[in-house]
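Engineer: There's a structure below that I have some questions on.
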Amino acid sequence: MNVSLRVWRQDGPDDEGRFEDHAVDGVSADMSFLELLDVLNERLIAAGKEPVAFDHDCREGICGSCSLMIDGRAHGPELGTATCQLHMRKFPDGARIVVEPWRAAAFPVLRDLVVDRSAFDRIVEAGGYITAPTGSAPEANMTRVPKEAADAAMDAAACIGCGACVAACPNRAGQLFTAAKIAHLGLLPQGQPERDQRVLAMVDQMEDLFGSCTNHGECEAACPKEISIDFIALMNRDYLSAKFRNRKLAGRR
Amino acid sequence: MSSTATRSPEVAAAGRLDARIPPGPVAEKWDQHRFDLKLVNPANKRRFEVIVVGTGLAGAAAAASLGELGYRVKAFCFQDSPRRAHSIAAQGGINAAKNYRNDGDSVWRLFYDTVKGGDYRSREANVYRLAQLSVDIIDQCAAQGVPFAREYGGLLDTRSFGGAQVSRTFYARGQTGQQLLLGAYQALARQIHLGTVAMYPRTEMLDVVVHDGRAVGIVVRDLVTGEVSSHSAHAVVLATGGYSNVYFLSTNAKGCNVTAIWRAHRKGALMANPCFTQIHPTCIPASDDFQSKLTLMSESLRNDGRIWVPADAGDTRSPDAIPEADRDYYLERRYPAFGNLVPRDVASRASKHEVDAERGVGPRRNGVYLDFSDAIGRLGRSVIEERYGNLCQMYERITGDDPYAVPMRIYPAPHYTMGGLWVDYDLMSTIPGLFVLGEANFSDHGANRLGASALMQGLADGYFVLPATISGYLAPLLGQAPVPADHESFQSAEREVNDRVEALLAVNGSCSVDWFHRELGRIMWDYCGMERSAETLDKALGEIPALREEFHRDVRVPGSAATLNQSLEKAGRVADLFEFAELLCVDARHREESCGGHFRVEHQTDEGEALRDDERFAYVAAWGFEGVGAEPTLHREPLAFEDVALAQRSYK
């Protein structure tokens, strides 16, 4: 099949950037979208031009490195699929495809399609952990975890931190990522002692870096791991109760 | 440069390596050794600086644990976040000798299974320690909030894996590596927040700096700005993963590379058993010539999937049209005791034989079937979905086939590398002060790694072994400041790095880095893949240096050194893979026996199984660098089997 690509090029964080058009012929339907970019890059290099920079690593949908707005949709047209798992058989022959980086103030473009997502790391560093220094852990089966709780925590923990939720949001809000992390830890018995301080610290850090949520729901639709927007409601409830609760008395309840 | 190796105390005059294994019974070595190790008192720990390169399971666990102890840590990764290291892609699970199933498991049994699974080419003392620590790892990870699979009573669930007859594999759906890495990453994030660890993402290590015979720091390149800079410390820890990408097509992430350990090797660290590579039996076969990587389908699928091919060569009927009588469940037929759960090396070679015998399936006839229809009939689709849902979805995305309706097609692919930098019992390389953890070292898996053991080893090394052993190295250095990062030894290393970068950009030849990488991978797969012979290895050893020279004469690396330049990053990594590939083949040529993942066609039993030569090769082959293209020097660490009797592996 043949496709034509309109690709965002930007030489660095301070460059204003532009679109570039490239026709790519001889595309196999079994190629992934990133392999299409590989082919484009090989041809650019052969023509003495600089290849398009894009983030990618595992190419099996788990590391969360790949990104890309494809025809205005985060990770492209297929639901529940990261760009690296998107295959060309999902596009018609002759398709004209627009490829852009994530666009969000919290994710500045570094070059072409590569953006800086370290704002997510700042949110986790603010409190996205359970304090369990190495060596201090009790026998694992001492703490029973109801299967339903473990399963729900796993649903949230499946987040790959790719940033599609932010890129898809009209407000560039970071709620789905933050809520998933908070729910993963807050749904487990091990996460209870720090539950209040965690949600307060992470939400405050998130508010510093990202826009505000107004319940559009675009994040859930764009998420390659189909993380539920329900976790945002859970986070909001946790945040509110944490504001009211007096942790000094937690041991008495 | 290689003089460092001969200066270091571990290399005795006769070229025999001393791993400094503690004396005493194998079950008591680790406890006794921990007692014997010198300690650094809590107030003094902050006077020591440690560099950790790589933030996968081993690196993140080590950096977090060292930070908790009070050391001042700098951690580096080339990814944009430490959470993206390739440990994240591990699917199936992590072994631990908890014996929660009451099915006869024990530390001894995990130890025995691992030594046997590694085809008797691993170090007993290390493996026993690994089995001991496995139980602490599960406790540690559960406490961190890793959402392991649970039984309805709330207790931890386990499943079976290849090479074992007990159920000891803990898992988090098909994303165990992801969840364990997030646990370690969160512990690391906490230390970053507390200020004990300084994190440097998008920063690639390009050299180790050795001064006065000790590792004293590293030279790195900032992958965004291109700036080359130096970092000094009292000790350097490499946890930089394996080298399967020497085959170009592998299950590794695209960024995985050999550069960190190869640069250390060039500075004097010995490289051990590089020919021990693991070809994983269950990956999705290549679909076209544009294939950029191969995707693993977890070994856990072999719990419920049955592997078969058409009994007749050239049978092109669709799988549902082939009746039972015309199918050959070849693993169940050849290995009745272990069936579909034979170790990886055995399963991989068996499928190669089927495909070579023209019984392969799929459009390119390059796979075998992995069929869930029996399990779906027995357990129902929902159970299979719960166990393997994400894997089946991934398979469907990639191939366009529905694995609940049509059997999966699988074929072996390069996956894990058992070889790596040689380390002693303390995980220290032959360069004092340079420690090596996880897949980057060679120590625990012998010639073949059992499934669900990589995560175990990475975390054992990072959480428990290194934090204990590093104090033994650091304690005598109390009061010594690190060599300053502007010292001449750093400046000359920086100059070398800059020269290499400039040289790659200056070639301006006609072929891309990927083209060379693909060609190198083809040579390695054809001549040093699942089966090797003296003849194919000699071919490889002829072609690799020629292609390497062509690479340096004709590669085209566009762009400049002062920006984010992915072609340049790849070029540096592929240049190192070229040098490393030659050593891998030299090692494979040298080892005139078959063991585990190293199968020399000249050495097999009448039934086509690997035939070891314990008389001649029961040792670790550790190679010293003598220059590019020069014959490396061989050092041997003899392997003694005192607690597991040497035997021919049998899974029949």
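Engineer: Could you go through region A:120-139 and let me know if any residue there is under 13 Å from the mean Cα position of the chain (by Cα), within 11 Å of another protein chain (Cβ to nearest Cβ) and either among the aromatic types (F, W, Y) or closer than 18 Å to B:E569 by Cβ (or both).
Structural biologist: yes
Engineer: In this structure, is B:G145 out of contact with any Lys or Arg (no Cβ under 6 Å at 6 or more places or on another chain), more than 25 Å from B:A89 (Cβ to Cβ) and without any contact (Cβ under 8 Å) to a residue 60 or more places away in the chain? If you could, list the steps in order and put the result at the bottom.
Structural biologist: Values: out of contact with any Lys or Arg (no Cβ under 6 Å at 6 or more places or on another chain): yes; more than 25 Å from B:A89 (Cβ to Cβ): no; without any contact (Cβ under 8 Å) to a residue 60 or more places away in the chain: yes.
The answer is no for B:G145.
Engineer: Take the residues in region B:448-484 that are polar (S, T, N, Q) and assigned to a helix (DSSP H, G or I); name whichever of them is farthest from B:R46 (Cα to Cα). Give the derivation first.
Structural biologist: Kept after step one, since they are polar (S, T, N, Q), are these residues of region B:448-484: B:448, B:453, B:457, B:469, B:471, B:480.
From what's left, assigned to a helix (DSSP H, G or I): B:457, B:469, B:471.
On the way: B:Q457: 27, B:T469: 17, B:S471: 12 Å.
Checked region B:448-484; the qualifying residue farthest from B:R46 (Cα to Cα) is B:Q457.
Engineer: Is there a residue in region B:96-105 that is modelled with pLDDT under 95, more than 7 Å from chain A (Cβ to nearest Cβ), in a loop (DSSP other than H, G, I, E, B) and surrounded by 24 or more Cβ atoms within 10 Å (Cβ to Cβ)?
Structural biologist: Scanning region B:96-105 turns up no residue that is modelled with pLDDT under 95, more than 7 Å from chain A (Cβ to nearest Cβ), in a loop (DSSP other than H, G, I, E, B) and surrounded by 24 or more Cβ atoms within 10 Å (Cβ to Cβ).
Engineer: Are any residues in region B:133-156 more than 8 Å from chain A (Cβ to nearest Cβ) and either β-branched (V, I, T) or surrounded by fewer than 20 Cβ atoms within 10 Å (Cβ to Cβ) (or both), and if so, which ones?
Structural biologist: Within region B:133-156, B:V135, B:I137, B:V146 qualify.
Engineer: Taking region A:140-149, which residues are surrounded by fewer than 23 Cβ atoms within 10 Å (Cβ to Cβ) and either facing chain B (nearest Cβ under 7 Å) or not in a helix (DSSP H, G or I) (or both)?
Structural biologist: Taking region A:140-149 and keeping what is surrounded by fewer than 23 Cβ atoms within 10 Å (Cβ to Cβ), we get A:141-144, A:146-149.
If the condition is that a residue be surrounded by fewer than 23 Cβ atoms within 10 Å (Cβ to Cβ) and either facing chain B (nearest Cβ under 7 Å) or not in a helix (DSSP H, G or I) (or both), then A:N141, A:T143, A:R144, A:P146, A:K147 are the ones that fit.
Engineer: Checking A:V114 against (1) within 9 Å of chain B (Cβ to nearest Cβ); (2) surrounded by fewer than 23 Cβ atoms within 10 Å (Cβ to Cβ), which test does it fail?
Structural biologist: (2) is the only condition that A:V114 fails.
Engineer: I need every pair where a residue in region A:40-59 that is at the interface with another protein chain (Cβ under 7 Å from one of its Cβ atoms) and closer than 15 Å to A:V115 by Cβ has its Cβ under 6 Å from the Cβ of a residue that is in a helix (DSSP H, G or I) and of a type in the set (S, T, N, Q), sequence separation at least 6 or different chains.
Structural biologist: What qualifies is A:A53/B:Q566.
Engineer: Taking A:M154, is it surrounded by fewer than 24 Cβ atoms within 10 Å (Cβ to Cβ) and touching a Pro at 6+ places or on another chain (Cβ under 8 Å)? First the steps, then the outcome.
Structural biologist: Working: surrounded by fewer than 24 Cβ atoms within 10 Å (Cβ to Cβ): yes; touching a Pro at 6+ places or on another chain (Cβ under 8 Å): yes.
Yes: the conditions hold for A:M154.
Engineer: Name the residue, out of B:G572, B:G596, that is under 17 Å from B:G420 (Cα atoms) and surrounded by 15 or more Cβ atoms within 10 Å (Cβ to Cβ). Write out each step before concluding.
Structural biologist: Numbers: B:G572 fails: under 17 Å from B:G420 (Cα atoms).
Matching residue, one of B:G572, B:G596: B:G596.
Engineer: Still on this structure, I have one more. Search region A:89-111 for residues being facing another protein chain (nearest Cβ under 10 Å) and not in a strand (DSSP E or B), and hand back the single one that is farthest from the chain's Cα centre (by Cα).
Structural biologist: Applying the first criterion (facing another protein chain (nearest Cβ under 10 Å)) to region A:89-111 yields A:89-90, A:110-111.
Imposing the further condition that a residue be not in a strand (DSSP E or B) reduces the set to A:89-90.
On the way: A:R89: 24, A:K90: 22 Å.
Filtering region A:89-111 for residues that are facing another protein chain (nearest Cβ under 10 Å) and not in a strand (DSSP E or B), the one farthest from the chain's Cα centre (by Cα) comes out as A:R89.
Engineer: Going residue by residue through region B:573-585, is there one that turns out to be touching a Ser or Thr at 6+ places or on another chain (Cβ under 7 Å), part of a helix (DSSP H, G or I), in contact (Cβ under 8 Å) with a residue 60 or more places away in the chain and more than 11 Å from chain A (Cβ to nearest Cβ)?
Structural biologist: Looking only at region B:573-585, we keep the residues that are touching a Ser or Thr at 6+ places or on another chain (Cβ under 7 Å), and these are B:573, B:576.
Still in the list and also part of a helix (DSSP H, G or I): B:573, B:576.
From what's left, in contact (Cβ under 8 Å) with a residue 60 or more places away in the chain: B:573, B:576.
Of the ones still in play, those that are also more than 11 Å from chain A (Cβ to nearest Cβ) are B:573, B:576.
Yes, some residue in region B:573-585 is touching a Ser or Thr at 6+ places or on another chain (Cβ under 7 Å), part of a helix (DSSP H, G or I), in contact (Cβ under 8 Å) with a residue 60 or more places away in the chain and more than 11 Å from chain A (Cβ to nearest Cβ).
Engineer: Here's a check for you: in region B:177-202, which residue that is surrounded by fewer than 24 Cβ atoms within 10 Å (Cβ to Cβ) and more than 9 Å from chain A (Cβ to nearest Cβ) is farthest from A:A201 (Cα to Cα)?
Structural biologist: Among those residues, the one meeting the criterion is B:Y200.
Engineer: Another question, then. Output the number of the condition that A:C66 fails; it satisfies all remaining conditions of (1) closer than 20 Å to B:A90 by Cα; (2) within 9 Å of another protein chain (Cβ to nearest Cβ).
Structural biologist: Answer for A:C66: the failing condition is (2).
Engineer: State the number of residues belonging to region A:180-227 that are at positive phi and in a helix (DSSP H, G or I).
Structural biologist: We begin by selecting, within region A:180-227, every residue at positive phi; these are A:215, A:217, A:226.
When the remaining residues are screened for being in a helix (DSSP H, G or I), the result is none.
The qualifying residues number 0.
Engineer: Okay, moving on. Quick test of your reading of the structure: A:I232 fulfils all but one of (1) surrounded by fewer than 23 Cβ atoms within 10 Å (Cβ to Cβ); (2) on the phi < 0 side of the Ramachandran plot; (3) not hydroxyl-bearing (S, T, Y). Name the failing condition by number.
Structural biologist: Just one mismatch for A:I232, condition (1).
Engineer: Please give the number of the condition B:I261 fails out of (1) more than 15 Å from the chain's Cα centre (by Cα); (2) part of a helix (DSSP H, G or I).
Structural biologist: The failed condition is (1).
Engineer: Starting from residues that are assigned to a helix (DSSP H, G or I) and buried (at least 24 other Cβ atoms within 10 Å of the Cβ), keep the ones in region A:69-88 and report whichever is nearest to the other protein chains (Cβ to nearest Cβ). Break it down stepwise before answering.
Structural biologist: At the first step, the residues of region A:69-88 found to be assigned to a helix (DSSP H, G or I) are A:83-85, A:88.
Those left that are additionally buried (at least 24 other Cβ atoms within 10 Å of the Cβ): A:83-85.
Working: A:T83: 11, A:C84: 9, A:Q85: 4 Å.
Once the filter is applied, the top-ranked residue is A:Q85.
Engineer: Within region A:1-29, which residues are in contact with a Leu (Cβ under 7 Å, 6 or more places away or on another chain), within 13 Å of chain B (Cβ to nearest Cβ) and under 15 Å from A:F91 (Cα atoms)?
Structural biologist: A:V24, A:V27 - these are the residues of region A:1-29 that are in contact with a Leu (Cβ under 7 Å, 6 or more places away or on another chain), within 13 Å of chain B (Cβ to nearest Cβ) and under 15 Å from A:F91 (Cα atoms).
Engineer: Ok, one more. Part of a helix (DSSP H, G or I), of a type in the set (V, I, T) and crowded, with 20+ Cβ neighbours inside 10 Å: does that describe B:I279?
Structural biologist: In short, no.
Engineer: Can you pull out every residue in region B:497-527 that is within 22 Å of B:S244 (Cα to Cα) and in contact with a strand residue (DSSP E or B) (Cβ under 8 Å, 6 or more places away or on another chain)? Walk me through how you get there before you give the answer.
Structural biologist: Step one: list which residues in region B:497-527 are within 22 Å of B:S244 (Cα to Cα), which gives B:512-527.
Those that are within 22 Å of B:S244 (Cα to Cα) and in contact with a strand residue (DSSP E or B) (Cβ under 8 Å, 6 or more places away or on another chain): B:S512, B:V513, B:F516, B:W525.
Engineer: Can you give me the number of residues within region B:40-83 that are aromatic (F, W, Y), more than 11 Å from every other protein chain (Cβ to nearest Cβ) and touching a Leu at 6+ places or on another chain (Cβ under 7 Å)? Let's see the steps before the verdict.
Structural biologist: We begin by selecting, within region B:40-83, every residue aromatic (F, W, Y); these are B:48, B:71, B:76, B:78.
With the extra rule that they be more than 11 Å from every other protein chain (Cβ to nearest Cβ), the set shrinks to B:48, B:71, B:76.
Those still in the list that are touching a Leu at 6+ places or on another chain (Cβ under 7 Å) too: B:48.
Final tally of qualifying residues: 1.
Engineer: Right, another one. From the list B:Q175, B:Q140, exactly one residue is in contact with a Gly (Cβ under 9 Å, 6 or more places away or on another chain) and within 22 Å of A:A183 (Cα to Cα). Which is it? Outline the logic, then answer.
Structural biologist: Details: B:Q175 fails: in contact with a Gly (Cβ under 9 Å, 6 or more places away or on another chain).
Exactly one of B:Q175, B:Q140 is in contact with a Gly (Cβ under 9 Å, 6 or more places away or on another chain) and within 22 Å of A:A183 (Cα to Cα), namely B:Q140.
Engineer: Evaluate the following for A:I160: is it at pLDDT 95 or above, more than 7 Å from every other protein chain (Cβ to nearest Cβ) and assigned to a loop (DSSP other than H, G, I, E, B)? Even if it seems obvious, please write down each step before you answer.
Structural biologist: Details: at pLDDT 95 or above: yes; more than 7 Å from every other protein chain (Cβ to nearest Cβ): yes; assigned to a loop (DSSP other than H, G, I, E, B): yes.
Yes.
Engineer: If you don't mind, another one. Run B:I307 past the list (1) surrounded by fewer than 24 Cβ atoms within 10 Å (Cβ to Cβ); (2) more than 11 Å from chain A (Cβ to nearest Cβ) and report the number of the one that doesn't hold.
Structural biologist: (1)
Engineer: A further question on this structure: Hey, any hits in region B:205-214 for a residue that's within 11 Å of another protein chain (Cβ to nearest Cβ) and either in a strand (DSSP E or B) or touching a residue at least 60 places away in the same chain (Cβ under 8 Å) (or both)?
Structural biologist: Within region B:205-214, the subset within 11 Å of another protein chain (Cβ to nearest Cβ) is none.
Looking through region B:205-214, none of the residues is within 11 Å of another protein chain (Cβ to nearest Cβ) and either in a strand (DSSP E or B) or touching a residue at least 60 places away in the same chain (Cβ under 8 Å) (or both).
Engineer: Give, as residue ranges, the helices (runs of 4 or more DSSP H) completely inside region B:343-423 that count at least 3 residues that are in contact (Cβ under 8 Å) with a residue 60 or more places away in the chain and within 13 Å of another protein chain (Cβ to nearest Cβ). Walk me through how you get there before you give the answer.
Structural biologist: Working: elements: B:344-356, B:373-379, B:381-399.
In region B:343-423, the matching helices (runs of 4 or more DSSP H) lie at B:381-399.
One line per residue, one yes/no per condition, for (1) free of Cβ contacts under 8 Å to residues at least 24 places away in the same chain; (2) over 23 Å from A:E16 (Cα atoms); (3) assigned by TED's automatic domain parsing to the domain that holds A:P193:
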{"residue": "A:I97", "(1), (2), (3)": "no, no, no"}
{"residue": "A:P101", "(1), (2), (3)": "no, no, no"}
{"residue": "A:A105", "(1), (2), (3)": "no, no, no"}
{"residue": "A:I130", "(1), (2), (3)": "no, yes, yes"}
{"residue": "A:A140", "(1), (2), (3)": "yes, yes, yes"}
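Engineer: Is region B:552-570 home to any residue that is touching a His at 6+ places or on another chain (Cβ under 9 Å) and not aliphatic (A, V, I, L, M)?
Structural biologist: Filtering region B:552-570 for residues touching a His at 6+ places or on another chain (Cβ under 9 Å) gives B:570.
Add one more test, that the residue is not aliphatic (A, V, I, L, M), and what stays is B:570.
Yes; the residues of region B:552-570 include at least one that is touching a His at 6+ places or on another chain (Cβ under 9 Å) and not aliphatic (A, V, I, L, M).
The values are calculated or read from the model by the stated rules, or taken from the named source; none is laboratory data. On a predicted model such as this, the values are computed, not experimentally measured, just so you know. Note that we place each Cβ from the backbone using ideal geometry, even for glycine, and neighbour counts take in every protein chain shown.
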